[in-house]
Ligand SMILES: [Zn+2]
Ligand SMILES: [Zn+2]
């Protein structure tokens, strides 16, 4: 829970006097609900308390004097603190039931304070851990698709995904997820990009590599000559022609970029020497030329 020191004394009282459900309808507050506070600082659903005050002139909780005109809107920050335990449940529920329109609505209402962002992050990490890439793709498509979220929420989500991406790159357990995130222009730091690049190279995910190179125009990351050479030499030894060809395609993309051209020339010279020494060099050269 956030430290309450930074909020007004009225908000502090609102927080202490109330819990996470409406005393009239007894339902738990949801992020998209509109809440009102009485002058005696009791909170209810806007709809519930207005209906009550149409007939009564006192607060249903403490019987303090109250009319519709005396109601106050509850500030976003206190409201979110108050319904904190419910947000986690709401997000999980929307994701679990594939109710992505609801998820968009929640996020649109969501204030990305440190504590509430944790819930969203946890939910995303959970999907990633479960390697449910289909679900992740659908969520990303929904959240990051055009006109789905307002501009500022879209930025918030991108920031959050960037943090998540940085975290999973460190673990490097699920390359498919990392690659799906890159599809949505969630950019990596140069160090992380370098990690992902070499990991994909080692896993022979060459299509992803071309994508990474094309999506990250102009971002220069360090390349590890030995890793690239090692992978191709291994494929040459095993006579994996498709892999060799695909790897060389990636290399030719890199070679077109000035920053890498020297390194790549060295790699190519070494590889040609290596091919000379192998038994089946003719068939490999043939495969490369095709
Ligand atoms: Zn209510
Ligand atoms: Zn009251």
For the chain, longest principal axis from Cα atoms; helix 206-215 axis from its Cα atoms; angle between them, nearest 10 degrees, is 60 degrees
Would you list 84, 45 from fewest to most Cβ contacts within 10 Å? 84, 45
Output the relative contact order of the chain, whole-number percent, from Cα pairs under 8 angstrom with separation of 6+ residues. 11 percent
Taking only C-alpha pairs under 8 Å that are 6+ residues apart, what is the relative contact order of the stretch 4-82 in percent? 32 percent
So what is the relative contact order of the stretch 83-184, in percent, for Cα pairs below 8 Å that sit 6 or more residues apart? 27 percent
The chain: radius of gyration and largest Cα-Cα distance (Dmax), Å: 27.9, 95
Over the chain, the sum of -39500 (n - 2.57) across DSSP H runs of at least four, divided by residue number and rounded to 500 deg cm²/dmol, gives at 222 nm -20000 deg cm²/dmol
FRET efficiency for residue 211 and residue 265, Cβ-Cβ distance as r, R0 = 22 Å, nearest 0.05? 0.35
Within 10 Å of each residue's Cβ, count the other Cβ atoms and sort 141, 80 from fewest upward. 141, 80
Could you state the angle between the C-alpha long axis of helix 151-171 and the longest principal axis of the C-alpha atoms of the chain, as a value from 0 to 90 degrees rounded to the nearest 10? 50 degrees
How far is helix 100-109 tilted off the main Cα axis of the chain, in degrees rounded to 10, range 0 to 90? 60 degrees
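Bear in mind these aren't lab numbers, they're just calculated from the coordinates by the rules spelled out. Bear in mind the structure is a predicted one, so any value in this text is a computation, not a measurement. Here the Cβ is made from the backbone with ideal geometry for all residues, glycine too, and neighbour counts use every protein chain on show.
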